[in-house]
Every structure is written in C-alpha cells, then in structure tokens.
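Since every read-out is calculated from the coordinates, none of them should be taken as a lab result. Everything numeric here is computed off the predicted structure, so don't read it as measured data. When we count neighbours, we look across all protein chains shown, and the Cβ atoms used for this are built from the backbone with ideal geometry, even at glycine.
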Amino acid sequence: MPLMGEIALKMLWGDRAKYLALVFAVTFATMLMSQQVSIFIGLMARTASHVSDVREANLWIMDPQVRYIDEVKPMPDKQLFRVRGVQGVEWAVPWFKGLAVVRAPGGIMQQVILLGVDDASLVGRPPRMIHGRWEDLKQPDAMIMDRAGWEYTWPGEPFVPGRVVEVNDRRVAIVGLAEASPPFVTFPVVYSRYSQALKLSPTERNAMSFILARSAPGDDPKSVAHRIETATGLQALTSREFEWRSVSHYLQRTGIPVNFGITVVLGFIVGAAVAGQTFYIFVLENLRQFGALKAIGVGNTQILSMVLLQAAVVAFIGFSLGIGGSAIFFESTNDLTHLRGFRLHGEVIAATAAAVFVIMVIASFASIRKVMVLEPAIVFRG
Amino acid sequence: MSALPAVSTRGLCKDFPTGEALTRVLHDVDLDLATGALTMLVGPSGCGKTTLLSIISGILQASAGTVTVYGTEITGLSDREKVAFRRSNLGFIFQQYNLLPALTAAENASVPLVAAGVPLAQARIEAGKVLERIGMGPHLKKMPAQLSGGQQQRVAIARALVHQPKLLVCDEPTAALDAQTGLAVLELLRDVARSAERAVLVVTHDSRIFDLADRIVRMSDGRLEPESNQPRSVP
C-alpha cells in the first residue's frame, strides 16, 4: 500500500454516500454485464445443444443445403453406406431429428423434439441418464424423455417408469429419464431408436436427418470430412464446426446478439457514467484537502497513488459484489428447468474484470487530471 | 534570536497574466524574517500578502528575485525538490483549517509524518503527543465535525508542528475564530516561535492580535512599507 494509502482509504470510506454510490455503480455494471453475457452464451450454446450432447461421434454429415442443426433436409439411406465406405471413417450411423406431438393420459398435449438414435449402438444420445438405462430403449415402443419434458408434462410428479403416452397417435412407454442439454426452443426432447422414430413420424420418401460418424484413430477428422464431401457430395463437418455453424446462424439471423449487446453496452456506459461522475464529484469536493496535502509536502506521485488506490478499492469491492450477485443468481436458478444450462463462465468473469478496469480508468481519468494540475496555492484562497 | 535570517527575500517580483498583459502584484520585495520570532504580515486585501506567503512557502513560483529559507534558496529548486523541502522544513496553518473530514484529530495531525514515510500508527502516537501539549488531549479521536473552530485550528497547528518544521506559515489563522479563541491560538503560535529555533510568519487582517506580534511588516500595493517601531499602531 502506498504511504498515504490508509489515509486515502479513510477519505474514501469517510464519505459514505459517495462511496456507496461508487460501489453500487460498479456492482450494477458488473452484474449486468456478467449476467447478460453469461445468459447470452448459455442461450447460444442451446442452439447447438443437440450437437454438443453427442459425444461418441466427431463428424456430422448432412445435405449440402443444411446451415444449422434445426434445418433438416432428409437424405436417402444409401448415403449412409457411401459414407461408411469412405477411407478414414471408423463407423457411421443414422440419426433422426423431427417434431412430434406427445399426448399424455388426461389430455395433456406437448410438442416435442423427437431424436432417433442408432438402433444397435444407441449413438446419438446424451451422456447422462437420471432414471433407467439407455439399453431400455431397445424394448418395443420405448422412449426416453428429458427431465424438462417430464416436468412440463407432469409438473411436480416423480418419475414413474413405463408411463404410456401417445406420440403422433402411437402408444409409447417412457422407460427412462435423461439429462439432455436444454435446446434453444423450449420443447421437451424425447429419444427413441432410429427405426422407432421413423415409425412415429409421418412417412417421407427420405427420412435420415443426419449421419453421425467417427474418424478412424490417427486420422484427422477435418481430412476425413473433406474426403466424405468429395466422395459423397454431402456436407461433412466436425462436431465443433457444426456447433459453431449453428451458433453463427442464430448470431447472424436473429436480433439476439444486438439485444444482449445493447444491454451489456448500457451496463458499461451506466457504470462508467455513474462511477465517473461520482468519483469526479468526490475528488472535486476534496480538492482543498488535496491542495492542503500538496502544500504540506505530499508529492504528485503520492496523490496519484491515493486516487488510484481509491479507484482500485471501489473497483475491487464493486466487482466482487457484482460477480457474487451474478454467481448467486446462476446458482439459485440452476435447478429451474427453464433456466438450466446458464452459468457464469470463467472467461466472462475475466472479461467483466477487464471492463470494470476500463470503467474505473475512465472514471478516475478526469479526477486524476484535476488533482495533478491542482495548484497547492488554492489553499490560501478564501 | 539567531543572527542568520530564517527567511530572506531579495528583489522578489510576481506577475500574473490578465488577458494578454501581465499584472505585477509584488514589486522588488526585500524581506528578512528572524528565527525565534512571530512576524505578522499585514495590509489591505489584494496588497499581495498571500502571494508573498505562497512564494516564501515554495508553492508559488516567483517571476523574479530569490527566496532563501534557512540557507536554502528555494527559488532555484525543482518542483520535486520544493515538495521535499516543504515536507521537511515547513508547517502550514490555513484560514479554513483544511482538515481531512474523514480522519480523527490525531490522524489529521499525523499527515505530515505519514507523507514523510512514518507508518500511520506510529505517526498517530507522535501527533497525539503534540495535541496533548496544546491542550487537545481529550479530543484525539474526535472527527473535525465534532470539534469547535478553535479546536480545529489547534489540530491544524498540531499538524503544522508534528514534523518539527523550522518555518511556520499561517494564513489568517484567526479569521474564523472568535476574539478569545483567536488570542489563545496566537499565544500558542508565539510560544511555538519562541520555544524553539523556529520562525513564524502570520498573514492577517485581524487587528485584535497585533499585540502578540514580535514584528509587524506592512504591505501596500505589492510593496513593503517602512516598518513602524510601534506594532500596536499598525491598523
């Protein structure tokens, strides 16, 4: 701490109203920025949740016109065999994605996302089960629902295996509950075998939505994807590329980033404006005292250290409270079905810290300049 | 009193810009202040008293001439050297006290020591001793807002004395005080001047305290007037 550090802090804390206003401004800006950016990231991650949930495959093959995960252009089954024949493909399986209507006993109707995973390997499922086993999907007319689906369909009721529902007018038993990443739309997600999913869906000439594949050990997935494209004329992307492709689509085609961006910028501007103005007034009101300190023999470097320390303490306390507030928000909403998947990322914390640093640099710049050019002779004026 | 003057100014001039022209507010001021004496600088408003005080203190640059304080020509020092010189050799007492409102009396008085590198806890103890000597013992932990004007000025005096400076400069130290308190403060300053090898320069309008001066220097229109041998006769 600088020589006059303790005195600087006492000056800061002594003016309680301005100190609280400063801390509040930084806390508000920190909370707004960190929370909005985290929700934005969570929301964007939802647009690719079906891709990120599939861990076994590292290649996604689709019709060349498909731009993102929710845009399905079914392919003929023969494409699966062509993909399997490409050098460097260890295995390839079909994957179905479509919409269906689930009707529960009692008349509850629910639109759902129906995903069909490979009959034999069950590739295409999310990694975590809450109740039951994935192998139970191999039973006739079986389906696994995600947690959100169960809670939306039967609010407050514990999971009961074997509960029968109608999917597109066919009776299906729910044999398990999975923890799927929440999708961008609020529809529940249900899983069935690929062959079962085709039976549950309206008949079409082509039905295979995507092909999931894995590159052979030692083969670069990108090279294998390129070979698939050359050999089949289909579009092949690595999982990471497809995730980003889906996220990018929503970034470019919706107003979401602009909307969140405006909120984040507003948080920054309001934080900088309120903190800057309050800090400037705080320094202005203490100008005679700073002048007296200069006359007494406190050098400009020491005065600068005092003001910077005051700014740093405000930034640290405000940032800590703001990040703490955001963390509490995400922690307390973690179990809420419609808010799951939103969390405070380390990168967001670091970026917010950088933004708060900039806010305090802006806030203290004018004040520092005022103090630096201050003539100590001011103290002899009446 | 020591033979060597505490402060010596020679040919001191100060110009202030007024538009494109320069206005001279100090004209060839030659002044010697003796050690061990309380000197009062008096004169009408705008005559240049505060400007002279500021230049002698090293917080305002002279346009011409020299100022020597205890053998150091401060007009030749850099800004950084002036700050260090003030920190070690000067004590300031201001009309408006200029105490830091968030600090206790002891903490306010300890500021010059802290600025010189003494830890606040130790500086507080030293400041407490000075405050006790000037009758502020019961008020060490009080905030400025809890003190009367006279008490605040005593804290300011303690702040000016705590680092044992050689020269004490006071700008209207009694202006905000009632007559009785003003006299008490001046008696304290006179004792300070006489009890140590120290000089005290007081700028004042307050004729009630002229009796306590060892010497009175009168200014008019930026010039020193011939000194009277009868300080009490000075208006």
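Okay, here's what the table says:
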quantity	calculated
Shape parameters for the stretch B:46-98, alpha-carbon atoms, Rg then Dmax in Å	11.4, 30
Evaluated at q = 0.14, 0.15, 0.27, 0.28 Å⁻¹: base-10 log I(q)/I(0), Debye formula over Cα of the stretch B:17-79	-0.47, -0.53, -1.41, -1.45
Cα centroid separation - the stretch A:242-275 against the stretch A:52-117, whole Å	30 Å
Gap separating the Cα centres of the stretch B:1-44 and the stretch A:137-168, nearest whole Å	96 Å
Helix axis angle, B:179-195 relative to chain B longest principal axis, alpha carbon, degrees	80 degrees
For the stretch B:148-206 versus the stretch B:68-130, the gap between their alpha-carbon centres in whole angstrom	15 Å
5 Å binning of all Cα-Cα separations within the stretch A:234-312, expressed as whole percents from 0 upward	3, 11, 12, 12, 9, 8, 7, 7, 7, 7, 6, 5, 3, 1, 1, 0
Exposure proxy order (Cβ contacts within 10 Å, fewest to most) of B:170, B:47	B:47, B:170
Descending principal axes extents, the protein assembly as shown, alpha-carbon based, whole Å	122, 50, 41
Fully extended contour minus Cα-Cα distance, from residue A:308 to residue A:284, at 0.36 nm per residue	7.1 nm
Nearest 10 degrees, 0 to 90: helix A:221-232 Cα axis against chain A principal axis	40 degrees
Scaled radius of gyration (Cα, divided by 2.2 N^0.38 Å) that the stretch A:162-255 gives	1.41
Nonlocal amide H pairs with residue A:99, under 5 Å, H built at 1.01 Å	A:114
Backbone N within the stretch A:55-95 under 16 Å of label point (7 Å from residue A:226 Cα along the Cβ vector)	A:87-89
Label-to-label distance, nm, for residues given as residue A:65 and residue A:254 (7 Å Cα→Cβ offset)	2.3 nm
Taking chain A and dividing mean pair separation by its residue count, relative contact order in percent (alpha carbons under 8 Å, at least six apart)	30 percent
Whether the stretch B:7-226 is rounded, prolate or oblate, judged on the alpha carbon gyration tensor where a/c under 1.5 counts as rounded	prolate
The stretch A:237-253 - phi-based ³J(HN,Hα) in whole Hz, Karplus 6.51/-1.76/1.60, Gly and Pro as x	10, 6, 4, 5, 5, 5, 4, 5, 4, 5, 4, 4, 4, 5, 5, 8, 9
Efficiency of FRET from Cβ geometry, residue A:265 and residue A:195, R₀ 45 Å, rounded to 0.05	0.35
5 angstrom amide H check on residue A:69, placed H, neighbours 5+ away	A:246
Scattering profile of the stretch A:100-229 at q = 0.09, 0.22 Å⁻¹ [log10 I(q)/I(0), Debye over alpha-carbon scatterers]	-0.29, -1.34
With Cα atoms, 0 to 90° folded angle of helix A:256-285 axis to chain A main axis	10 degrees
Förster radius 60 Å - calculated FRET efficiency between residue A:240 and residue B:121, Cβ distance, rounded to 0.05	0.55
Distance (nanometres) between label positions extended 7 Å along Cα→Cβ at residue A:277 and residue B:20	4.0 nm
Exposure proxy order (Cβ contacts within 10 Å, fewest to most) of B:174, A:27, A:337	A:337, A:27, B:174
Average other protein chain Cβ within 10 Å of Cβ, residues A:282-289	2
Average beta-carbon neighbours from other chains, 10 Å sphere, peptide A:366-376	1
Calculated from backbone phi, Karplus (6.51, -1.76, 1.60) coupling profile of the stretch B:51-56 in Hz, x at Gly/Pro	5, 4, 4, 5, 6, 4
Residue-span extension gain [residue B:64 to residue B:191] - 0.36 nm each, minus C-alpha spacing	42.3 nm
Rg/Rh ratio calculated on Cα atoms of the stretch B:97-211 (Kirkwood radius)	0.95
Coil-residue GluC sites (Glu not before Pro) of the stretch A:131-179, DSSP, other Cβ within 10 Å capped at 16	none
Neighbouring partner chain Cβ atoms per residue of B:54-63, average, 10 Å criterion	3
J(HN,Hα) series, the stretch B:87-104, from Karplus relation 6.51 cos²θ - 1.76 cosθ + 1.60, nearest Hz, glycine and proline x	4, 8, 10, 10, x, 10, 10, 10, 4, 9, 6, 6, 7, 7, x, 8, 9, 6
Mean projection area, nm², convex hull over Cα of the stretch B:66-131	5.6 nm²
